[in-house]
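Rule-based calculations on the coordinates, nothing more; no lab input. Worth saying up front: this structure is predicted, and the values here are computed from it rather than measured. Here the Cβ positions follow ideal geometry from the backbone for every residue, glycine too, while neighbour counts run over all protein chains shown.
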Amino acid sequence: MALRKSALKNDLNDMKKIWRDPMLLITIVFVLISLAVFILYPLFSVLKVSFIKGSSFTLNAYWETLKNIEFQKTLKNTLVLGAVVGGLSTIIGFVFAYADSYIRSHFKRLFKVVSILPIISPPFVLALSAIMLFGQYGLITRRLLGITDYNIYGFKGLVIVQTMTFFPVAYLLLTGLLKRIDPSLEEAARNMGASRWKTFKTVTLPLMAPGLANAFLLTFIETVADFSNPMVIGGNFSTLATQIYLQAIGNYDMQGGAAVAVILLSISILLFVLEKYWIEKKSYITVTGKASRERDLITEKHIVWPIDIACLLITVFVLAFYALIPLGGLFKVMGVDYSLTLNHFKYVFSLGTKALKDTTYLAAIATPITGIYGMIIAFLIVRKKFFGKGFIEFTSLLAMAVPGTVIGIGYVTAYNTKPLVLTGTATIIILSFVMRSVPVGVRSGVASLQQIDPAIEEAAADLGANTTKVFTSVTLPLIKSAFFSGLVYTFVRSMTAVSAVIFLVSAKYNLLTVQILSQVDNGRFGVASAFSTILIIIVYIAISILYFGLSKMGVSREEM
């Protein structure tokens with residue numbers, strides 16, 4: 001009882017401090033309202049549409065969906081695909097991470113290139129390349145091998161494409177964890193006579209078990225939420241993400257689409273909660289602590305070369321897929337006429353400039369908004385105590401777990417009627433960009449702030465600075481690396497987004513990724529390749545300019 005009274009008294013004191021700082025109070029209220037309106041309300045709208053028909057409550061949409069044989073097959077497809085791709089991505093990502101962190105690899109820079117490519121390219125370019133390489137008229141299957149009946153569409157094509165797309169996610173996560181393992185633990189096992197394999201099996205692997213589980217869940221979530229790859233190369237192998245779109249837009253059955261969306265959302269949130277509140281907590285102190293000294297990299301050839309060769313083969317395979325994108329834009333008719341032409345690029349620059357301008361313009365607006373908004377939320381979570389803090393933390397990260405198709409259908413149903421009519425405007429697209437990207441900014445901001453002694457900010461406050469002044473003059477400069485990494489991520493993700501915005505584009509505002517998907521759907525692979533090439537170039541130029549500007553400000557790439 002005494003502890004509860006003491007906690008209540010502390011809460012009241014914290015709230016009094018906030019009341020004395022009007023700008024802080026306004027900021028907290030603004031963040032609470034914006035998260036409720038632009039994240040929770042669209043999700044509530046999807047729920048409402050799935051349960052309400054006319055003016056009456058009904059479960060018919062769920063009943064019809066769940067008893068549908070095709071839906072049951074689609075649900076099974078989605079879970080099996082997620083498990084297979086999640087497992088393969090985690091294994092390949094771990095091998096790459098081990099090569100980067102533990103062995104004196106000969107191709108480290110090349111391996112890092114592979115980890116960047118899926119981030120700066122549209123999510124479905126590998127699916128496009130797979131069709132051009134291994135499709136019925138594929139460069140390899142028909143041109144080189146003379147095979148005419150090979151079918152890349154379906155489960156096997158999706159596994160190949162999604163594994164190549166998502167294993168870099170596991171690689172980047174596991175590299176950080178491996179580098180934080182204290183090498184003295186493994187050296188102790190070696191000094192007691194354990195072989196490299198015995199040390200790896202009994203020391204390294206058990207320490208990495210939570211990290212591997214985390215990587216699996218993250219790639220599983222990415223896979224089940226992926227819309228574009230199944231849309232391009234899925235064929236008859238349907239997934240929940242594509243079924244939402246086909247049900248809502250193709251069959252004009254918004255209630256049925258919303259019911260499927262709620263089921264997919266439930267799976268994603270369950271996995272998100274599992275990953276955040278269980279797996280992340282199950283980490284060993286040796287993994288999270290700073291290593292006592294640098295690790296002596298493995299140099300034995302019988303270990304280095306097999307790992308290097310395995311990683312190199314995968315790298316070459318992935319790079320071949322990406323190399324075909326610009327080439328596909330130069331061939332006259334992919335699979336039929338391989339004579340070189342610039343007609344596809346001329347078409348893009350004559351009729352596709354509006355999509356180019358719209359995408360770049362909207363992404364450029366969303367980028368600084370997301371960066372500042374994410375850092376404000378991170379600051380409130382780490383540095384302030386107030387009622388509603390837990391709500392802000394969970395809701396701001398929730399968008400990471402919500403599949404893009406669910407966000408898209410939620411925004412359409414939520415903002416198509418009063419009081420907030422946004423359908424068909426630039427605002428609704430910008431808001432989707434912001435809310436989809438803000439979780440990464442929040443996470444990086446929280447991680448940076450937790451490493452900074454709050455006494456620095458307290459000193460500024462003691463000298464008379466209010467919360468706004470402390471944030472802009474002290475906090476933001478200290479976490480500038482996290483802030484700018486959030487900017488880079490937001491711009492890239494906004495330029496390459498497709499699953500949410502495919503519901504939101506209109507005649508007034510069109511986006512490159514939607515245009516590319518449309519060209520693929522019409523079988524115009526040359527034009528789709530030209531669009532994809534230009535999109536990748538724009539993103540690369542923008543990132544290079546940003547990095548150049550940051551280098552002049554004293555922020556290195558390593559810090560980001």
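Would you please calculate the Kirkwood hydrodynamic radius of the stretch 87-167 over all C-alpha pairs and express it in Å, rounded to one decimal?
The Cα-based Kirkwood calculation yields 14.2 Å.
What is the Rg over Rh value, at two decimals, for the stretch 407-519, using alpha-carbon atoms and the Kirkwood definition of Rh? Show your work: numbers first, answer last.
Values: Rg = 18.8 Å, Rh = 16.5 Å.
Rg divided by Rh gives 1.14.
Report, in order of residue number, the helices in the chain meeting two criteria: a C-alpha extent of 27 Å or more along the helix axis, and a mean Kyte-Doolittle hydropathy of at least 1.0; treat each whole DSSP H run as one helix.
155-179, 205-225, 254-274, 301-330, 353-383, 426-450, 525-552
Which residue, Ile307, Thr242, Gly82, has the largest displacement toward the positive end of the dipole of the stretch 82-337 when charges sit on each Cβ (Lys, Arg +1; Asp, Glu -1)?
Ile307
In whole Å, what three semi-axes, largest first, describe the equivalent ellipsoid of the chain built from its Cα gyration tensor (square root of 5 times each eigenvalue)?
37, 33, 24
Take the Cα gyration tensor of the stretch 331-436, multiply each eigenvalue by 5, square-root it, and list the three semi-axes largest first, rounded to whole angstrom.
Semi-axes, largest first: 39, 18, 14 Å.
Return the subset of Lys112/Lys179; Lys357/Lys508; Lys73/Lys156; Lys48/Lys389; Lys108/Lys198; Lys480/Lys552 for which the Cα-Cα distance in this structure is over 18 Å, preserving the input order.
Flagged as over cut-off: Lys48/Lys389; Lys108/Lys198.
Could you order the peptides 486-493, 407-414, 336-343 from most to least packed, using the average number of other C-beta atoms within 10 Å per residue? Before the final figure, lay out each step's value.
Numbers: 486-493: 22.9, 407-414: 26.4, 336-343: 10.9.
Most protected by this proxy first, the peptides run 407-414, 486-493, 336-343.
Normalised radius of gyration for the stretch 82-337, please: alpha carbon Rg relative to 2.2 N^0.38 Å, two decimal places.
1.16
Between Lys357 and Ile298, take the C-beta separation as r, use R0 = 56 Å, and let me know the FRET efficiency to the nearest 0.05.
According to the calculation, E is roughly 0.65.
Any chance you could run the full-extension gain for Leu270 through Ile91? It's 0.36 nm times the residue separation minus the Cα-Cα distance, nm to one decimal.
Extra length from Leu270 to Ile91 when fully extended: 62.1 nm.
Sum -39500 (n - 2.57) across every DSSP H segment of at least 4 residues in the chain, then divide by the residue count to get the 222 nm mean residue ellipticity, nearest 500.
-22500 deg cm²/dmol
Mind ranking 416-427, 367-378, 41-52, 220-231 by how tightly packed they are, going by the mean number of other C-beta atoms within 10 angstrom, highest first?
Top to bottom by mean Cβ count within 10 Å: 220-231, 367-378, 41-52, 416-427.
Sketch the reach of a paramagnetic label on Leu79 as a point 7 Å from Cα along Cα-to-Cβ, and name the residues of the stretch 229-244 whose backbone nitrogen lies under 19 Å away.
Answer for this model: 237-244.
Going by a ≥ b ≥ c, the root eigenvalues of the Cα gyration tensor, does the stretch 459-560 fall in the rounded group (a/c under 1.5), the prolate group (a/b larger than b/c) or the oblate group? Intermediate values should be presented prior to the final figure.
Values: a/c = 4.73, a/b = 2.26, b/c = 2.09.
Prolate is the answer for the stretch 459-560, as a/c is 1.5 or above and a/b outweighs b/c.
Under a point-charge model restricted to the Cβ atoms of Lys and Arg (+1) and Asp and Glu (-1), what is the dipole moment magnitude of the chain relative to its Cα centre, in debye to the nearest 20?
440
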